[in-house]
Amino acid sequence: MARRQMVAVGVDLGGTTFDVGIVTPQGELMERQSYDTPRSGSEPQALIAVAAAVGGIMEKAAVKPDQLLGIGLGIPGPVDPDSGVIKQAPNMHELDGVNAVETVAGELDLGDGVQVKVRIGNDAYCHTLAELRYGAGRDVANLVMLTLGTGVGGGVALDNEVRRGPRQIMGEVGHIIVEPNGRRCGCGNHGCLEAIVGRDGMIDQAVRLLEQGMPSVLAEWGGRKHEKLTPKMIAEAADQGDELALEVMKTSGHYIGVALCSCIVLTDPDLIVLGGGIANAGHVLFEPIRRTVHHRSLISCFDTDNIVPSELGGESGMIGAAALILDEME
Ligand SMILES: [Zn+2]
């Protein structure tokens with residue numbers, strides 16, 4: 001690498017694995033690596049491993065401490081970005097209440113007296129920031145981002161800034177109620193978007209249709225009790241024209257579209273960006289989403305061509321975490 005190139009490190013922390021990337025001020029990922037997330041009952045082992053991994057990747061990429069602008073951490077749960085405390089990590093409870101900034105800064109060993117800036121953000125915030133600065137939204141100032149995965153994350157950018165609100169709730173698109181008497185959500189409510197189109201919700205839809213006797217390749221792929229079914233399989237089957245899988249994508253797309261109609265009247269976005277594994281499904285998912293928005297958001301006249309897939313894909317978590325640092329440089 002160029003000798004004086006300044007860089008930021010972005011960490012995308014997950015309950016099973018975490019990704020660390022070296023990112024330039026232009027938002028380019030120069031080097032990346034994935035690691036298993038160590039777990040233990042009460043110690044914040046994951047954060048200690050993150051600090052070690054940052055040191056390792058810097059050495060590998062020959063980044064000197066004086067080239068490092070700082071380290072951004074994307075956390076899967078609500079955080080207090082000012083104090084550096086992880087409020088709650090739903091799938092990693094050993095990190096609840098832990099000051100991630102102090103822990104990582106304290107564990108990091110880059111030589112005598114080297115002080116490194118560390119920042120944290122919620123992972124959905126990081127995905128949104130990455131797309132706003134360097135991805136699909138780099139030419140707009142206002143966007144809504146949806147991340148479709150095990151859960152459904154979201155983020156809102158207004159006037160070129162990602163907003164979270166005073167209680168860090170703004171942009172929690174997954175918990176917009178789209179079916180008041182619908183399936184129970186992990187948050188305790190019924191009929192949230194996440195309950196219907198999150199991982200379990202989509203599998204539930206497919207299983208119900210299989211149990212009604214609808215023929216599908218998913219009956220073979222999923223085993224006798226359908227325990228092996230995944231949203232990815234459903235998307236693949238839909239891509240092959242499987243009628244049951246297409247029905248699931250149609251229903252899911254419809255509900256995503258319903259939620260987006262609420263997002264549109266609340267935030268008046270220039271662009272809506274869909275990320276997460278299932279967003280790769282393409283036409284079979286985007287078509288019902290666009291159709292619903294076209295028919296149900298009459299007041300906004302929102303151009304449904306402005307509902308687009310994420311450009312940064314699986315890299316947006318790392319790039320967005322690094323952007324927590326890069327944003328402060330301007
Ligand atoms: Zn919910």
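Here are some notes:
- Per-region count, segment 232-250, residues out of contact with any Leu (no Cβ under 8 Å at 6 or more places or on another chain) and either among the β-branched types (Val, Ile, Thr) or closer than 21 Å to residue 184 by Cα (or both): 1
- Residue match in segment 222-236 (condition: among the polar types (S, T, N, Q) and more than 17 Å from residue 178 (Cβ to Cβ)): yes
- Applying the condition of being at positive phi and in contact (Cβ under 8 Å) with a residue 60 or more places away in the chain to segment 251-288 and asking which residue is surrounded by the most Cβ atoms within 10 Å (Cβ to Cβ) yields 276.
- Selection from segment 156-176 of residues that are modelled with pLDDT of 95 or more and either part of a loop (DSSP other than H, G, I, E, B) or in contact with a Lys or Arg (Cβ under 8 Å, 6 or more places away or on another chain) (or both): 156, 157, 159, 160, 176
- In segment 179-202, the residues that are touching a helix residue (DSSP H, G or I) at 6+ places or on another chain (Cβ under 8 Å), more than 8 Å from the ligand (Cβ to nearest atom) and not hydrophobic (A, V, I, L, M, F, W, C): 179, 182, 183, 184, 198, 199, 201
- In segment 222-238, the residues that are assigned to a helix (DSSP H, G or I) and surrounded by 17 or more Cβ atoms within 10 Å (Cβ to Cβ): 231, 233, 234, 235, 237, 238
- Restricting segment 150-169 to residues that are farther than 21 Å from residue 292 by Cα and either within 15 Å of the ligand (Cβ to nearest atom) or among the hydroxyl-bearing types (Ser, Thr, Tyr) (or both), the residue that is surrounded by the most Cβ atoms within 10 Å (Cβ to Cβ): 151
- Test: residue in segment 68-88 that is part of a helix (DSSP H, G or I), surrounded by fewer than 23 Cβ atoms within 10 Å (Cβ to Cβ) and more than 15 Å from the chain's Cα centre (by Cα): no
The values are calculated or read from the model by the stated rules, or taken from the named source; none is laboratory data. All values derive from a computational prediction rather than experimental measurement. Counting neighbours? That spans all protein chains shown, and the Cβs are built from the backbone with ideal geometry, glycine included.
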